[in-house]
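First comes the structure, then the notes that go with it.
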Amino acid sequence: RTSRRTLATPLSRPSLSSPSLTAVRNLGILAHVDAGKTTVTERILFATGAVHKRGEVHEGTTVTDFDTQERDRGITIFAAAVSCSWDGHRINLIDTPGHVDFADEVERSLRVLDGAVAVFDAVAGVEPQSESVWRQADRYGVPRIAFVNKLDRAGADLDTAVASLRERLGAVPLVAQLPIGHEDGFTGVVDLVRMRALLWPADSTGYEKGAIPDGLRGEAERRRRLLEETAAELHPAALEEFCATGALTDDSLALALREVTLDGTGTVVLCGSAYRNRGVEPLLDAVVAYLPSPADMPAVRGSSAGGGEQERAPDPAQPVAALAFKVAVTATGRLTYLRVYSGTLRKGDTVLDAGTGRTERVARILRVQADRHTELDEAPAGDIVAVVGPKTARAGTTLCAPHAPLLLEPPGTAEPVVSVA
Ligand code: GDP
């Protein structure tokens with residue numbers, strides 16, 4: 001994938017796509033091992049109501065690390081996709097391995113997601129592995145938000161972590177929050193876009209919105225100004241408004257942050273402490289506000305039966321083309337996790353494995369949630385689901401409409417190259 005946009009869009013952009021497609025976020029959490037990816041994922045599932053009991057990493061009860069080997073080794077090995085909802089949006093969380101040994105798996109998961117949250121440790125800042133995952137995400141043009149986690153730790157410092165984002169990753173940070181209190185006394189954040197305080201009172205699972213504490217008002221205003229200036233530097237329409245009026249409205253600022261996130265020129269930075277359950281809800285709000293939906297994605301390219309390159313738009317009315325990115329053998333059966341790129345996959349469909357020329361039957365389509373599966377009749381372009389039925393599909397296999405073959409990924413060395421009939 002290259003840059004998704006060439007022209008700066010105006011700051012009031014009407015959405016033209018179908019609402020169902022725009023209300024989906026295919027999201028990955030990228031992180032160095034130990035930065036807190038599992039904890040962030042767990043808190044997201046908790047905040048969205050997908051699970052009701054918070055899992056703790058040390059208890060081995062987290063939802064995404066369901067593999068025993070993973071649990072034993074304390075690292076995430078196999079990608080899993082879990083769906084949850086937030087603010088009227090469906091978030092499909094695609095687990096990406098954080099360990100450098102699984103680079104192929106990281107790359108494949110980067111391919112199927114549309115946007116990511118990169119988690120950093122507020123004490124360590126950018127670490128070598130976060131650097132390599134960041135570069136891979138750059139290569140795939142994945143828009144990202146940075147979440148500086150562990151602000152409760154001794155030695156945590158948002159500004160130092162932000163400096164390392166700038167220096168080590170060449171990122172242009174747009175710091176959208178100001179922490180309230182530090183280390184053990186970290187109690188909330190100032191949301192610099194809406195200029196309000198978000199506070200997590202002790203012993204509460206939710207947060208309260210309120211006025212910016214008096215002592216922080218000057219600093220919040222200074223930082224808001226900096227955020228507006230950086231957004232204006234990066235986005236022509238924002239610059240125009242900034243020059244004309246001397247400031248950006250909250251809505252224009254939010255739109256500018258979305259645009260620069262989508263074109264990859266800037267990175268919105270949020271912060272919190274996943275472990276203390278602080279900062280995850282605003283992070284979800286930012287995922288919905290700034291990261292792309294499948295409708296924002298360019299058409300996918302593949303090779304057609306004749307060998308020529310072909311494009312397919314993320315349009316439910318086109319012939320089906322889906323990429324398998326994970327196969328898991330579970331109690332429910334052999335689950336093939338798919339990203340549907342075009343068309344609508346229906347229960348009972350016969351699909352073609354474009355790499356081998358074999359046909360497979362889609363017996364069931366499942367939405368995988370934290371603790372259960374929901375049966376679906378169909379999955380439209382942009383969706384991520386698991387299917388039961390395909391017997392030989394593996395990660396990297398394209399499943400497509402038999403009458404319109406399209407190979408999305410060249411078969412790997414493990415899979416013999418068989419031309420598409
Ligand atoms: P992963 O390897 O990136 O999946 O990281 P984990 O979520 O397993 O977290 C690694 C360790 O950091 C665990 O012991 C967590 O309890 C701890 N941790 C995660 N988030 C935070 C946080 O916000 N604050 C503190 N102090 N510890 C955290």
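Where nothing but the Cβ of Lys and Arg (+1) and of Asp and Glu (-1) is charged, how large is the charge dipole of the range 263-421 around its Cα centre, in debye to the nearest 20? Numbers along the way, then the final one.
Numbers: 16 positive and 17 negative charges, 123 e Å.
For the range 263-421, the charge dipole is close to 600 debye.
For the residue pair R361 and E183, what label-to-label distance in nm results when each label sits 7 Å from Cα along the Cα-to-beta-carbon direction?
For the pair R361/E183, the computed spacing is 6.5 nm.
Mind checking the per residue accessible area of the range 86-220 for me, 1.4 Å probe, whole number of Å²? Kindly include the intermediate steps, with their values, before the conclusion.
On the way: 5270 Å² over 135 residues.
Result: 39 Å² of accessible area for each residue.
Near K150, which aspartates and glutamates are there with a Cα under 17 Å away, not counting those fewer than 8 places off in the same chain?
By straight Cα distance, K150 reaches D34, E42, E56, D121, E127, D159, E183, D184, E281.
Counting heavy atoms of the protein chains only and a 1.4 Å probe, report the per residue accessible area for the range 310-360 as a whole number of Å².
Values: 1810 Å² over 51 residues.
Averaged over the residues of the range 310-360, the accessible area is 36 Å².
List the lysines whose Cα sits under 25 Å from the Cα of K391, skipping any in the same chain fewer than 8 residues away.
By straight Cα distance, K391 reaches K326, K347.
Within the range 202-280, what whole-number % of the accessible surface is contributed by carbon and sulfur, with the 1.4 Å probe and all protein chains included in the calculation?
On the way: 1850 of 3680 Å².
C and S atoms contribute 50 percent here.
Label-point separation (nm) for T330 and R166, each offset 7 Å from Cα along Cα-to-Cβ?
4.4
Report, in cubic angstrom per residue, the convex hull volume of the C-alpha atoms of the range 331-417. All intermediate terms of the calculation are to be shown ahead of the outcome.
On the way: hull volume 8.2 nm³, N = 87.
In the range 331-417, the Cα hull volume divided by residue count equals 94 Å³.
Give the whole-number value, in cubic angstrom per residue, of the convex hull volume spanned by the C-alpha atoms of the range 277-360. Intermediate values should be presented prior to the final figure.
Working: hull volume 12.8 nm³, N = 84.
It comes to 152 Å³ per residue, whole-number rounded.
For the range 225-324, taking Cα atoms only, what is the radius of gyration to one decimal and the Dmax to the nearest whole Å?
Considering the range 225-324 through its Cα atoms, Rg and Dmax are 18.7, 56 Å.
The values are calculated or read from the model by the stated rules, or taken from the named source; none is laboratory data. Since we're looking at a predicted model, the values are computed, not measured. Here Cβ is always computed from backbone atoms with ideal geometry, including for glycine, and neighbour counts include all displayed protein chains. Ligands, DNA and RNA are excluded from the accessible area calculation, which covers all protein heavy atoms including side chains. Shrake-Rupley method; radii C 1.70, N 1.55, O 1.52, S 1.80 Å.
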